[in-house]
Amino acid sequence: MRDEHTNLRPCFTSWLFGLFLLSVLAAFSENTSDPWIIPPGGEGGDIGKSTTREDLVRLFGTSNVIDRDVDLGEGETEPGTVVFSRDPKRSIEILWKDPATKRTPKQFQIQGQESLWKTAHGISLGTSLKELERLNGRPFLLTGFEWDYSGTETSWKGGALAKELQGDGNLILRLSPTQPTGVSRAELTQVLGESEFSSHHPVMQKVNPRIYQMVWTFP
């Protein structure tokens, strides 16, 4: 008669191997995390709310980190630091809580048509209004177009992105109708200015604006 413990050995060995494999996969996943992701709270990414200027130099090289004024809109600027200033896809601007020491970021910002920098769900420059609605699971609110803070998201209306993109910090998204083909000027005037509009407004749906600026802020 075979010892019942003998029958358990293969199962126990398989269990140990499975546990080992899971640990290896977890470590691999951690070590191959996307270096371009910036979590909204500023924690867990290669750069975040504790990043210093020295960290930027270590990560990206001295020649790719420069100090210069950063445009804030409405003609205002503030001393900051720019990484990859000549490469639109990799460029990111940093403002500091103390511009003299450059040790605690106040905000990161990217702008343009396309960027490697992104946040949860791959949201980045160029992400469309309809894609944001899909990820949010419902319509959201944003301001109208053709002013300095055009198309700023103001509320996720309790959707999925409210939790994903708001935490200890805040992520500001701004959208613009880059190529509103098939939309008349009369239609577009319905969604202009500082007023709030639903993303599900017929003209918003027709225009389907895309993100042109993202700003991570840290309290």
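The values are calculated or read from the model by the stated rules, or taken from the named source; none is laboratory data. All of these numbers come straight from a predicted model, not from anything done at the bench. Every residue, glycine among them, receives a Cβ derived from its backbone with ideal geometry; neighbour counts consider all protein chains shown.
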Inset, instruction - Give the residues of the stretch 120-130 that are within 13 Å of the chain's Cα centre (by Cα) and not in a loop (DSSP other than H, G, I, E, B), sorted by residue number. - result: 120, 121, 122
Inset, instruction - Starting from the stretch 33-56, keep only residues that are at positive phi and in contact (Cβ under 8 Å) with a residue 60 or more places away in the chain, then list their pairs with residues that are exposed (fewer than 15 other Cβ atoms within 10 Å of the Cβ) and part of a strand (DSSP E or B) whose Cβ atoms are within a distance under 8 Å, requiring at least 6 positions of separation or different chains. - result: none
Legend entry - Number of the condition not met by residue 133 [criteria: (1) assigned to a loop (DSSP other than H, G, I, E, B); (2) surrounded by 14 or more Cβ atoms within 10 Å (Cβ to Cβ)]: (1)
Inset, instruction - Pull up the stretch 142-158, narrow it to residues that are touching a residue at least 24 places away in the same chain (Cβ under 8 Å) and assigned to a loop (DSSP other than H, G, I, E, B), then point me to the one that is farthest from residue 198 (Cα to Cα). - result: 148
Legend entry - Selection count, the stretch 37-67, where residues are assigned to a strand (DSSP E or B) and either of a type in the set (S, T, N, Q) or at pLDDT 95 or above (or both): 3
Inset, instruction - Being within 18 Å of residue 38 (Cβ to Cβ) and not polar (S, T, N, Q) narrows it down to one of 133, 153, so name that one. - result: 153
